[in-house]
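*Asks:* What follows is a structure written as structure tokens; I'll ask about it next.
The numbers here are math on the coordinates, done by the rules we state, and not lab data. Bear in mind the structure is a predicted one, so any value in this text is a computation, not a measurement. Note that we place each Cβ from the backbone using ideal geometry, even for glycine, and neighbour counts take in every protein chain shown.
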Amino acid sequence: MTNLEKLARKVSDSVSSDIEEKQQKIQNEAELTEEDAGFKAKLLELCRTNKLAVFSAGIILLFILSAIFANLIAPYNPVTIELGIRLQGPSLKHWLGTDACGRDVLSRILYGGRISLQIGLIPTFISMVIGAVLGLVSGYFGRKTDFIIMRLADVVLAFPSLLLAMVIMYTLGANMLNLFIALSTISWAGTARVIRSQTLSIKESEYVEAAKAMGVRTWIILFLHILPNCLSSLLVLFTLNIPGSILTEASLSFLGVGAQPPDTSWGLMISEGQQYFFQSPWLIFAPGMAILIVVLAFNFLGDGLRDVLDPYNEE
């Protein structure tokens, strides 16, 4: 074979490889476009068929906006102490009454929503990221990697979440950063198990096998081929796990190891008002109702998303 023939063969192989890569890229883009269209269609179906989930989404949005703009809509400063009006009942001036220090309860609920919703959203998102990464790695590589990660998940799941969070908080100390760490640590295991099971199924798909045969890097296969097919499950898990984080934060604050004064959260408000339960029950009922409404709204929204996004529910 002459040098000219060898050069022509190299050029031909290079062109063929480029064509295959471009075809694979076009195919992946087409699959993502179809997935986006399908996802939008399912969300529209949710809006048409599940009015309760849509209403719950509106309630959640209302609470989030009220927390963001609390400084604009709160009628009073939540930390201003006025002992002359302490423990006053609901009135036109103070819609939800005042607490033991004369602070307006409605204003404190609006500001307390900032911490309670942050604790519900941010640690849940962090735990979703940790669980998704560990689930992908466990399901894709298998063997010892799978064994180590799943046994670690079993250890986390073996402990009651509130007890484990209390241990972490008592060990690290009661502050917001440690509260974020505690709630992120106790919630990743369930997500990891779900994503692992999906990864075990998806990695046997033809397009994943084709990507392996073409020499595509492992991290590209994990995060660009497998992970997008798990996003629906992650979205459902995210909405269903937020109520657990809010309730855990409320429990920790009630026990004195959550949010600390002068910050306020709904759980801390219940803890501060428990000694006045019979004298001023609104101190407990008002933040308790806020927790109840938000938790139910996230649960109803999560159930609605699961009904339309879970492939096992499709007929």
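*Asks:* So how far, in whole Å, is the C-alpha centre of the stretch 166-201 from the one of the stretch 98-145?
*Replies:* Going from one Cα centre to the other spans 10 Å.
*Asks:* Taking the stretch 140-224, which GluC sites (Glu not before Pro) meet the DSSP loop condition and have no more than 12 other C-beta atoms within 10 Å?
*Replies:* Here the GluC sites (Glu not before Pro) that fit, given the DSSP loop and packing criteria, are Glu204.
*Asks:* In whole Å, largest first, what are the principal axis extents of the Cα atoms in the stretch 187-250?
*Replies:* The Cα atoms of the stretch 187-250 stretch 51, 17, 16 Å along their principal axes.
*Asks:* Hand me the trypsin sites (Lys or Arg not before Pro) from the stretch 194-260 located in a DSSP loop with no more than 16 other Cβ atoms within 10 Å, in residue order please.
*Replies:* Counting only loop positions with at most 16 other Cβ atoms within 10 Å, the trypsin sites (Lys or Arg not before Pro) in the stretch 194-260 are Arg217.
*Asks:* Using the Kirkwood radius built from alpha carbon pairs, what does the Stokes-Einstein equation give as D for the stretch 134-273 at 20 °C and 1.002 mPa s, in µm² per second?
*Replies:* The diffusion coefficient I find is 126 µm²/s.
*Asks:* Which net charge results when you count Lys and Arg as +1 and Asp and Glu as -1 among the other residues whose beta-carbon is under 13 Å from that of Gln279?
*Replies:* 0
*Asks:* Compute the projected area of the convex hull of the Cα atoms of the stretch 265-312, averaged over all viewing directions, and report it in nm² to one decimal place.
*Replies:* Value for the stretch 265-312: 4.0 nm².
*Asks:* Also, I was wondering about something else. Show me the trypsin sites (Lys or Arg not before Pro) within the stretch 65-149 that DSSP assigns to loop and that have at most 14 other Cβ atoms within 10 Å of their Cβ.
*Replies:* Lys93
*Asks:* I want the local charge near Gly112. Using Cβ-Cβ distances under 15 Å, sum +1 for each Lys or Arg and -1 for each Asp or Glu among the other residues.
*Replies:* That sum, taken over residues with Cβ under 15 Å, equals -2.
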